[in-house]
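Q: Supplied in structure tokens, the structure appears directly below.
The values are calculated or read from the model by the stated rules, or taken from the named source; none is laboratory data. Computed from a predicted model, the values in this text were never measured in an experiment. Note: ideal-geometry Cβ built from the backbone for every residue, glycine included; neighbour counts use all protein chains shown. In case anyone asks, the SASA skips ligands and DNA or RNA and just uses the protein heavy atoms, side chains included. Shrake-Rupley method; radii C 1.70, N 1.55, O 1.52, S 1.80 Å.
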Amino acid sequence: MTYVFRADSSFEIGAGHVMRCLTLADSLRLHGIGSTFVTRDLPGSISRKIAARGHHLVLLPGLDWRKDAMDTRAALPANTDTLVADHYRIDAAWHRQMRGHCRRLVVIDDLANRPYDCDMIVDQTFGRTRAVYEGKVPAACRLLLGTRFALLRPAFSELRETTLARRRSFNGVKTILVSMGGSDPGNLSLDVLKAIKGLEYQKPLKIMLVLHPESPVMQEVATYIESARLEVSILSDVENMATLMATADLAVGASGTTTWERCALGLPSLVAVTAPNQREIAGVLQARGAIRVWDSPESLCECLDTVLSHDGEWFDMMSAAADICDGDGCNRVLEEFGHDAHVETDNH
């Protein structure tokens with residue numbers, strides 16, 4: 001039995017699509033099931049992570065989507081059980097060209113904005129309901145909706161209980177995790193560092209900055225850190241994000257898939273919306289008290305000052321975030337795929 005994943009990553013696209021597919025593929029391997037990744041070789045691609053984790057890799061050339069479907073079909077092993085497509089530019093026309101070449105076609109999506117011809121959709125958007133997919137999917141399509149199906153690596157559920165217990169004895173922010181996603185082309189990382197530098201905060205702060213090793217802003221950020229004399233660790237090619245989030249007391253980051261990771265570990269977060277499709281859900285999470293959204297250096301300074309100065313605000317955010325996602329979604333998806341997986345009861 002083989003699973004095939006069709007997903008891309010790049011400086012522009014980000015790594016989220018490939019990373020959540022990798023989460024599934026790594027878990028499937030524990031059940032003795034192999035996976036093949038079909039992906040385009042784009043600038044900033046994390047395809048090396050796929051190969052490093054021992055999955056078969058097929059690189060596609062070019063940007064022609066009709067040829068993309070043809071090349072993907074040609075890459076499917078003869079025994080392909082399930083084809084998983086995680087790509088915003090793939091729709092029903094592409095899906096139909098895969099029919100007859102796999103037993104089951106699964107789509108991972110969080111837009112619900114186009115027609116789909118698939119057997120199952122996994123949409124981990126908080127509060128997602130069936131209504132948004134009416135008229136867009138076949139009648140028999142199985143819908144796995146909401147953060148109970150968020151595809152997070154096992155480390156997040158494994159660290160959740162001890163991390164939340166530690167957070168309950170919180171005594172002020174000491175460590176801030178900064179992760180603005182991908183290569184951070186807008187250099188929001190620099191805005192964050194400048195905002196932290198300008199704080200009137202009595203306790204010393206340790207900053208963990210996650211930045212793509214090939215980011216075009218790396219040198220400018222490094223130069224500023226040296227001149228500002230901030231205690232900053234620049235981290236690239238991070239494989240232990242769950243540990244970093246468990247260690248941090250506050251996150252400043254981009255919206256997107258990593259939102260559910262931060263929630264699973266009850267990490268209060270100041271979030272910048274970096275793509276239009278993220279704005280609505282960021283607003284919902286802010287209304288729930290799980291995050292604070294900032295859209296300028298000035299509003300970031302306000303958010304930082306509020307959370308750092310008021311422990312009650314920090315505790316409210318921690319509790320609200322932890323209620324959003326429990327981190328066990330991958331097991332639930334595997335169970336829906338028909339593979340035995342440990343599933344805990346989700347009461348949220």
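Q: Just to confirm a number: summing +1 for Lys and Arg and -1 for Asp and Glu over residues other than Ile108 whose beta-carbon lies under 9 angstrom from that of Ile108, what do you get?
A: -3
Q: Could you pull out every one of the lysines with an alpha carbon less than 28 Å from that of Lys203, ignoring same-chain neighbours closer than 8 positions?
A: Result set, ordered by chain and number: Lys174, Lys194.
Q: Rounded to whole Hz and in sequence order, give me ³J(HN,Hα) for segment 183-188 from the Karplus expression 6.51 cos²θ - 1.76 cosθ + 1.60, θ = phi - 60°, writing x for Gly and Pro.
A: Coupling constants for segment 183-188: 8, 6, x, x, 6, 5 Hz.
Q: Long-range amide H contacts for Phe37: which residues qualify at under 5 Å (H placed 1.01 Å from N, peptide plane, sequence gap of 5 or more or a different chain)?
A: Correct list: Phe5, His56, Leu57, Val58.
Q: Follow-up question, since we're still on this one. Evaluate the relative contact order of the chain (contact order divided by residue number), counting alpha-carbon pairs under 8 angstrom at least 6 apart; express in whole percent.
A: 15 percent
Q: Per residue, how many Å² of accessible area does the chain show with a 1.4 Å probe?
A: Spelled out: the 1.4 Å probe surface of the chain, per residue, equals 44 Å².
Q: Further question on the same structure: Using helices alone, I'd like the mean residue ellipticity at 222 nm for the chain: each DSSP H run of four-plus residues gives -39500 (n - 2.57), total over residue count, nearest 500.
A: Taken over the chain, the calculation gives -11000 deg cm²/dmol.
Q: According to the square roots a ≥ b ≥ c of the eigenvalues of the Cα gyration tensor, what is the shape class of segment 1-89, taking rounded for a/c under 1.5, prolate for a/b larger than b/c otherwise, and oblate for the remainder?
A: Verdict is oblate for segment 1-89.
Q: Right, next: Once you sort the root eigenvalues of the Cα gyration tensor of segment 179-309 as a ≥ b ≥ c, which label holds: rounded (a/c under 1.5), prolate (a/b larger than b/c) or oblate (the other case)?
A: rounded
Q: Could you pull out every one of the aspartates and glutamates with an alpha carbon less than 12 Å from that of Lys49, ignoring same-chain neighbours closer than 8 positions?
A: Partners within reach: Asp26, Asp237, Glu239.
Q: Here's something else I'd like to know. Skipping prolines and chain starts, which residues have an amide H placed within reach, meaning under 5 Å, of the one on Val178, given they are 5 or more residues away or on another chain?
A: Counting only residues 5 or more places away or on other chains, the set is Met208, Leu209, Val210, Val252.
Q: Excluding Gly182 itself, calculate the net charge of residues whose Cβ lies under 12 Å from the Cβ of Gly182, where each Lys or Arg counts +1 and each Asp or Glu counts -1.
A: After counting each charged neighbour, the total is -3.
Q: If you don't mind, another one. If you take every residue apart from Gly198 with its C-beta less than 13 Å away from the C-beta of Gly198, what net charge results, scoring Lys and Arg +1 and Asp and Glu -1?
A: After counting each charged neighbour, the total is -3.
Q: Let me ask something additional. Answer rounded, prolate or oblate for segment 124-196, using the Cα gyration tensor with square roots of eigenvalues a ≥ b ≥ c: rounded when a/c is under 1.5, else prolate when a/b is larger than b/c, else oblate.
A: oblate
Q: Report the convex hull volume per residue for the chain, counting only C-alpha atoms, in Å³.
A: 128 Å³
Q: From Cα pairs below 8 angstrom and at least 6 apart in sequence, can you work out the relative contact order of segment 1-149, rounded to a whole percent?
A: 19 percent.
Q: Continuing with this model, one more query. Search the structure for amide H atoms under 5 Å from the amide H of Gly266, placed 1.01 Å from N in the peptide plane, and list their residues when 5 or more places away or on another chain.
A: The list, which skips near neighbours in sequence, is Ala322.
Q: Report in % the part of the accessible area of the chain that belongs to carbon and sulfur, leaving out ligands and nucleic acids; probe 1.4 Å.
A: Roughly 50 percent of what the probe reaches on the chain is carbon or sulfur.
Q: Give the ranking of Val273, Val84, Val284 by solvent-accessible surface, highest area first, calculated with a 1.4 Å probe.
A: Highest to lowest solvent-accessible surface, that is Val284, Val273, Val84.
Q: Counting only GluC sites (Glu not before Pro) that are in a DSSP loop and have at most 15 other C-beta atoms within 10 Å, tell me the longest site-free stretch of the chain.
A: Within the chain, the longest run free of exposed GluC sites (Glu not before Pro) spans 13-133.
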